[in-house]
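A.B. asks: Right, I'll just put the structure down here and ask away after.
The values are calculated or read from the model by the stated rules, or taken from the named source; none is laboratory data. Keep in mind that what you see is a predicted model, and the values were worked out from it rather than measured. All Cβ positions, glycine included, derive from the backbone under ideal geometry; neighbour counts span all protein chains shown. Protein only, heavy atoms only, side chains kept; ligands, DNA and RNA dropped before computing areas. Shrake-Rupley method; radii C 1.70, N 1.55, O 1.52, S 1.80 Å.
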Amino acid sequence: MSSRNQNKPPRSPSNKKENVLDEAPLDKRRKIVIGKMVAPSTNLRSRSVLSTVNAGPNLGHGADQKAAAVAGSDGGSSGGGIEFNSREDVERLLSEKMKGKNKNDYKGKSEQMIEYIRKLRTCIKWFMDLEDGHLSELEKLRGTVEFQEKRHTEFETQMRKREEELNMTVEQLETKLASSLESFQKEEALKLAALKSYEKEAEARVTSEASRAALSEDLERANHEAKRSNDQIKMLQETNKRLQEYNTSLQQYNSNLQSDAVKNGETISKLQKEKNAMMDSLTSLRDHSNSLKNQLDSSRTTLQDALKQKEDLKKEVYFLRSELQQVRDDRENQLAQVQTLTSEIANYKELTGKSSKELDNIMAKTNALEETCSSQRVQIQSLQHQLAAANEKLKMADLTASETMSEYLQQKRTLNDLQNRVAEQELQILEAEKLRKKLHNTILELKGNIRVFCRVRPLLPEKESNTTEGAIVSYPTSTEFLGRGIDLMHHAQTYSFTFDKVFNHEASQDDVFVEISQLVQSALDGYKVCIFAYGQTGSGKTYTMMGRPEADEEKGLIPRSLEQIFQTSQALQCQGWKYKMQASMLEIYNETIRDLLSPVRPGSNFDANVKQYAIKHDLNGNTHVSDLTIIDVCSINEVSFLLQQAAQSRSVGRTQMNEQSSRSHFVFTLRIFGVNESTEQQVQGILNLIDLAGSERLAKSGSTGDRLKETQAINKSLSALSDVIFSIAKKEDHVPFRNSKLTYLLQPCLGGDSKTLMFVNISPESSSAQESICSLRFAARVNSCEIGIPRRQTQTRTSDSRLSYG
């Protein structure tokens, strides 16, 4: 016992021996254990204690029972059926002491030692079997761990490759999205430019259509005037046969007129053909523009769909990135779990008793990882499908964008062609407008810069008429004088006159205005135009000039002229013309100018304290009246209001010949300023519409007092007007414009290239025959005058002999 106690090793095992035993192979371990079995019992006990300690407190009961059963079956013949079920049995064996009372009883001691050795063998066998089971399980765990590590490394490499592929795909998608966004922005800019150009083209089409309509109306009027000029040429040829004195000159002039008429006809036919061609081209352009508009709408819808698809793709890419981030997080978690597993395996080498539960946990984690990997694989496949679909959508969007771009370029070329054609048509329209003005002015000059129209007032009812003898006026029916001649019967003698136009008592206000509408157009073209009504009191001058504005059919020349001017100026706005209108109204009463638009209206009686107005003419031929009220007007309603205001301020009086006789000359002046911004042309026209006071004989009118002075002033101013016209016609050096305020006011409109029209109004009653003859004689003298370009010679007809117009 003493020797055994001396050779007994310490209780705590050596780490070095444990590492050698743990790291040695299975056969070598068995040899080491068997070699130690022959060692002293103290060494065996220390080995058994070491093995017991290494087994740990957490050994499974199933393994202990199995080892105990094996030990029992192996040592049944030698160990007396000793079984080791737990560490307590081993500790009990180790704590067992030798029995024997006699120290010299070696036989008993040897038997006890043999029995003890048998038990130790059984214990060692049990430990060896237990250790073999643990080693096999350890090998299985190592193989499983290595297999899991390989799977994890393969999975990690696959995930890295997949991550790189996804990153490349995302970068490609981002580049495609950036390029598609740039192309889309360019397309939007180009489409906006196309829409703007299309709107400009639509505006240009509207303006061209309006100008074309106005041009067609002018062409119709030109055709009508050409027909009238042809009729006048025929009449001139017949007149030239009768007038031998002017035979040579008139034949040359007639030939010139015929050539001009032929040229005008050819020009009008060319313009008509061009107009038809322009209408056809505009119709085709309108259809083509509608188709272009439909194509633009369809391309806009496709672009909107592409934008929606791009937004969906952005969302999908965002989801893919988030899922990739989750996969990365899961991978990092798995790596962390693998590291924890390796650390747990290292711990397992020290504490083998904990391996079973840890293995279960590892298997559960591994299964969870496999499930996670399978779900991630499915997600990756679905993401791949989504990426493929997104790529297809992007390809379709690129194709659609390229097709849209090609269509846009084609539409842009078409729009450029249309714009060029519209520009050419605008130039043609401008040239046609210039030609129209030239032809219009030529036609008016051929008709004469001063013309005379005659209008016969209808018979009044018997209760309002001073005579019952009926009408003394008739109209010739011959082709030569139809519509131009008038016959007046007085004292069984017929007086015949011929004018530019004669309106019988059945002529309406519209019929009269149609004949003078061309003169109103000349005022818009930049000429000075003067239209005045002359005749005895009560012959219908005021009705001809003013009419009844409240009734559309009875409007006079002044309201209708203003309506035409405003309508035409608005129609010419599409050609770039902008007009400014200024109106003024005055009356000349007893050779004194009175402002009818002045805030302080004079009464019916003349006031000596009324402001005196001075007439001045500038170098450009424009007339200015000092301190006269001039109002800018923009519509016919404003002018109508001013006409009503002037009518309330005009001087009227009662005589034996008329209940309400105009006792002053009414002068309405409209100044027209036109500017064309595109061609930088400027025009300044003046339209003077004058209602003269009625001429009358003192013996018949019965005027006395103020009415006598008024009659004398009226007759004096009318006589001065006739003197001025005759002096201009004779081309005298001195023209007496200053003899009357009326002639001095109208000085720029009575010469040069001005257009003057005189309306002579007569009454058909026999009681007014003498006054009508005087008025017709004065009108015939004016009609025979030539101002500006010569037109033709006009004759008067009598039944007995030629009248003397002295």
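A.B. asks: Skip the ligands, DNA and RNA, and give the accessible area per residue of the range 432-589 with a 1.4 Å probe, whole Å².
C.D. replies: Values: 6210 Å² over 158 residues.
Heavy-atom accessible area per residue stands at 39 Å².
A.B. asks: Can you work out the FRET efficiency for the pair residue 256 and residue 281, with r the C-beta to C-beta distance and R0 = 41 Å, to the nearest 0.05? All intermediate terms of the calculation are to be shown ahead of the outcome.
C.D. replies: Working: r = 37 Å, r/R0 = 0.90.
The computed FRET efficiency comes out at 0.65.
A.B. asks: Continuing with this model, one more query. Just order 591-597, 425-431, 304-310 by mean Cβ neighbour count inside 10 Å, highest at the front, would you?
C.D. replies: On the way: 591-597: 20.1, 425-431: 16.9, 304-310: 15.1.
The packing order, highest mean first, is 591-597, 425-431, 304-310.
A.B. asks: Follow-up. Accessible area of the range 491-611 with a 1.4 Å probe: how many percent of it is carbon plus sulfur? Walk me through the intermediate numbers first.
C.D. replies: Values: 2040 of 4680 Å².
Solvent-exposed carbon and sulfur of the range 491-611 make up 44 percent of the total.
A.B. asks: By average Cβ neighbour count within 10 Å, what is the ranking of 538-549, 218-229 from highest down? Spell out each step's value before the answer.
C.D. replies: Working: 538-549: 21.7, 218-229: 17.4.
Ranking the peptides 538-549, 218-229 by packing returns 538-549, 218-229.
A.B. asks: In addition: Which order do the peptides 363-376, 577-590, 505-518 come out in when sorted by mean C-beta neighbours inside 10 angstrom, highest first?
C.D. replies: Details: 363-376: 13.9, 577-590: 19.9, 505-518: 15.7.
Highest mean packing first, the order is 577-590, 505-518, 363-376.
A.B. asks: How large is the direction-averaged shadow of the alpha-carbon convex hull of the range 112-164, in nm²?
C.D. replies: Working: hull surface 14.3 nm².
If I average the Cα hull's projected area over directions, I get 3.6 nm².
A.B. asks: Please name which of 389, 379, 414 has its Cα lying farthest along the dipole of the range 318-441 towards the positive end, using unit charges on Cβ (Lys, Arg +1; Asp, Glu -1) and the Cα centre as origin.
C.D. replies: Value computed over the given set: 414.
A.B. asks: Pairs 263/447; 227/270; 578/741; 227/580; 541/716; 501/709: which are spaced more than 27 Å apart, C-alpha to C-alpha? Could you put the intermediate results ahead of the total?
C.D. replies: Working: 263/447 17 Å; 227/270 17 Å; 578/741 33 Å; 227/580 34 Å; 541/716 19 Å; 501/709 34 Å.
Exceeds cut-off: 578/741; 227/580; 501/709.
A.B. asks: What FRET efficiency would be calculated for the residue pair residue 631, residue 177, taking the C-beta separation as r and a Förster radius of 56 Å, to the nearest 0.05? The partial results should precede the final answer.
C.D. replies: Working: r = 66 Å, r/R0 = 1.17.
The calculated FRET efficiency here is 0.30.
A.B. asks: Kindly provide the Kirkwood hydrodynamic radius of the range 717-782 in Å, to one decimal, from all pairs of distinct alpha carbon atoms. Don't skip to the end; give the middle numbers.
C.D. replies: Working: mean 1/r = 0.0766 Å⁻¹.
The Cα-based Kirkwood calculation yields 13.1 Å.
A.B. asks: Could you give the nm distance between label points at residue 105 and residue 266, where each point is 7 Å from its Cα heading toward the beta carbon?
C.D. replies: So the two model labels end up 16.9 nm from each other.
A.B. asks: Moving on to the next point. Contour minus end-to-end for residue 494 and residue 379, with contour as 0.36 nm per residue of separation and end-to-end as the Cα-Cα distance?
C.D. replies: Taking 0.36 nm per residue and subtracting the Cα distance, the gain is 29.6 nm.
A.B. asks: Also: Ratio of Rg to Rh for the range 359-450, alpha carbon only, Kirkwood?
C.D. replies: On the way: Rg = 38.3 Å, Rh = 21.0 Å.
The Rg/Rh ratio comes out at 1.82.
A.B. asks: So what are the three principal axis dimensions of the range 78-228 from its Cα atoms, in whole Å, longest to shortest?
C.D. replies: Principal axes ranked by extent give 177, 23, 21 Å for the Cα atoms.
A.B. asks: Taking R0 as 41 Å, what FRET efficiency do you get between residue 319 and residue 340 from their Cβ-Cβ distance, rounded to the nearest 0.05? Before the final figure, lay out each step's value.
C.D. replies: Details: r = 31 Å, r/R0 = 0.76.
Here the calculated transfer efficiency is 0.85.
A.B. asks: With every protein chain present, what is the per residue accessible area of the range 737-784 (1.4 Å probe, Å²)?
C.D. replies: On the way: 1220 Å² over 48 residues.
That works out to 25 Å² per residue.
A.B. asks: A further question on this structure: Under a crude label model (7 Å from the Cα following the beta-carbon direction), how far is residue 371 from residue 508 in nanometres?
C.D. replies: 10.0
A.B. asks: Using +1 at the Cβ of each Lys and Arg and -1 at the Cβ of each Asp and Glu in the range 439-540, identify which of 442, 512, 479 lies farthest towards the dipole's positive end.
C.D. replies: So the residue furthest toward the plus end is 442.
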